[in-house]
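Okay, so here's the structure we're looking at.
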Amino acid sequence: MIVDGSSLSPADELAIAELAANACDAVRDPNAAPRFVERLCDTFGSSLAFVARHDYAAGTCQFLVHDRPMPAPLPSYQGKYAQLNPWLVSPQLQRQSAIVWRGEEFVREDQLLPTAFYRGWLEPHGLRHWLGGVIAREGDRLSYVALLRPPSAAPFSAMDGLRLRRLMPHLQIAQRLDPASSDGVPPGNLHNIAFAALERLPFGIVAFDATGAVCYVSTLAAAILKEEDGLSLRGTSLRTDSNAEASKLSDLISSKSALRNQENAGCVKALTISRPSGARPYILQIFPRVFRAAGNGAGAAGAMLFIFDPEGHSEIDGEWLRTLYGLTPAEAKLATLFSIGLSPIEAAQELGITVNTARTHLKRLYSKTGTSRQPELVHLLARLLAVGAAAPRRSIRRRDTAPL
């Protein structure tokens, strides 16, 4: 079983965010499924990926999401071999309600190779390594995502498992958004949910439609643009103070650029925007691609822009920390101050507690979060911020102090 005890890189986190959006589209529109499957395979280095629902009682397999046209291995899997899949009948899987697993963890290679599943399905189709995740259990029905690699590739790693573990909550949401689901959220609410999730990220987000017009601005992006320090919004147009930077930005977010880069959509374009105030430049990441931005669900060729302000900061949400690690309110407040760059002594002064009390809280923070030094704790908090555990920004006056 994959234990979520490590951190993903910012690039991985962004890839998971993209996959989450692709998954929501795929469950509502079969034409969007190939894009989701392609990105899923690219992210995990797999040669085959699909989402299916297995009914143990009826012995049937229903594909919820797969590439189109249906890949050659899938008809026989659906017709016969899903029932023989040793991972689906593994006792470990039966005992777990929600899990991500690598094939070798549940079924060793020496156990797999003699099976009819391997000889009749995996081997003929050039497959061996498995990475799976349970999306939902509904009585005798199990919904799951499967990724497979050929024998010539390395088995899936613990980091692959962590990536999938990060994706699983989004796949669970996507399944509930499926109009065919009995407990599905009405399709019209899809984009409200998606963009509400974007509000949790610690950077500004701006989305553009096919014409290059702004069609969505996150709260943090609106605050940045309101300052008009190198970036501003005029009507539905994003403006810069530099003509040269404006030309580059316009090309990257244009419909022509989006379509030109669709085949290489995994390539992120980056740009810095200078600021008349003298503050460090904004860092922009542009995703030129086809995506769904309109509230009515209409598809459009457009782009999404992420704005990072090196001069700004977001603090971590204390409620997240209390839920994840069982922190007391005092411990969560101290960790929150660490997340915005304060030293232990600065945090103690801000909270009005003694240095000895701060040291006591810090030791408990280390124990509860599985860290042993302040840099490790700060690194963990930074990674949590990267996946959306952010609270509204605030300003705190820094003091000149020595480390604890």
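The values are calculated or read from the model by the stated rules, or taken from the named source; none is laboratory data. Given the structure is predicted, the values throughout are model-derived calculations rather than measurements. So basically every Cβ, Gly included, is an ideal-geometry build from the backbone, and we count neighbours across all protein chains shown.
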Seminar exercise, completed: Flagged in segment 26-68 as of a type outside the set (G, A, S), part of a helix (DSSP H, G or I), out of contact with any strand residue (DSSP E or B) (no Cβ under 6 Å at 6 or more places or on another chain) and crowded, with 17+ Cβ neighbours inside 10 Å, in numbering order, are V27, R28, R35, F36, R39, T43
Seminar exercise, completed: If you go through R163, R102, R128, the only one that is modelled with pLDDT of 90 or more, in the same structural domain as L48 (by TED's automatic domain parsing) and touching a Pro at 6+ places or on another chain (Cβ under 6 Å) is R128
For this session: Output yes when any residue across segment 75-89 is assigned to a strand (DSSP E or B), assigned by TED's automatic domain parsing to the domain that holds F44 and buried (at least 20 other Cβ atoms within 10 Å of the Cβ), and no when none is.
Result: no
For this session: Those residues that are modelled with pLDDT of 80 or more and either surrounded by fewer than 21 Cβ atoms within 10 Å (Cβ to Cβ) or closer than 30 Å to T354 by Cβ (or both), I need them from segment 289-310; list them, please.
Result: F308, P310
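Given the structure, is F36 closer than 20 Å to L122 by Cα, in the same structural domain as H125 (by TED's automatic domain parsing) and among the aromatic types (F, W, Y)?
So F36 fails the test.
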Exercise. Looking at A335, A389, which one is modelled with pLDDT of 85 or more and either surrounded by 22 or more Cβ atoms within 10 Å (Cβ to Cβ) or not polar (S, T, N, Q) (or both)?
Worked result: A335
Exercise. What are the residues in segment 198-227 that are assigned to a helix (DSSP H, G or I), at pLDDT 75 or above and surrounded by 20 or more Cβ atoms within 10 Å (Cβ to Cβ), if any?
Worked result: L220, A221, I224, L225
For this session: Could you look through segment 121-171, keep only residues that are within 20 Å of G45 (Cα to Cα) and of a type in the set (S, T, N, Q), and pick out the one that is surrounded by the most Cβ atoms within 10 Å (Cβ to Cβ)?
Result: S157
Problem set entry | Odd one out for R108, checked against (1) modelled with pLDDT of 80 or more; (2) crowded, with 18+ Cβ neighbours inside 10 Å | (2)
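Quick one: in segment 110-168, of everything that is of a type in the set (F, W, Y) and under 25 Å from the mean Cα position of the chain (by Cα), which residue is nearest to E13 (Cα to Cα)? Can you show your working first?
Restricting attention to segment 110-168, the residues satisfying the condition of being of a type in the set (F, W, Y) are 117-118, 121, 130, 144, 156.
Right, trim to under 25 Å from the mean Cα position of the chain (by Cα) and you get 130, 144, 156.
Details: W130: 22, Y144: 21, F156: 18 Å.
Filtering first and then ranking leaves F156.
Look at segment 150-165 and say how many of its residues are outside any helix (DSSP H, G or I), touching a residue at least 60 places away in the same chain (Cβ under 8 Å) and either of a type in the set (A, V, I, L, M) or out of contact with any helix residue (DSSP H, G or I) (no Cβ under 8 Å at 6 or more places or on another chain) (or both).
If we filter segment 150-165 for residues that are outside any helix (DSSP H, G or I), which is where we start, we get 150-157.
Retained after the next criterion (residues that are touching a residue at least 60 places away in the same chain (Cβ under 8 Å)): 150, 153, 156.
Those still in the list that are either of a type in the set (A, V, I, L, M) or out of contact with any helix residue (DSSP H, G or I) (no Cβ under 8 Å at 6 or more places or on another chain) (or both) too: 150, 153.
Adding up the residues that qualify gives 2.
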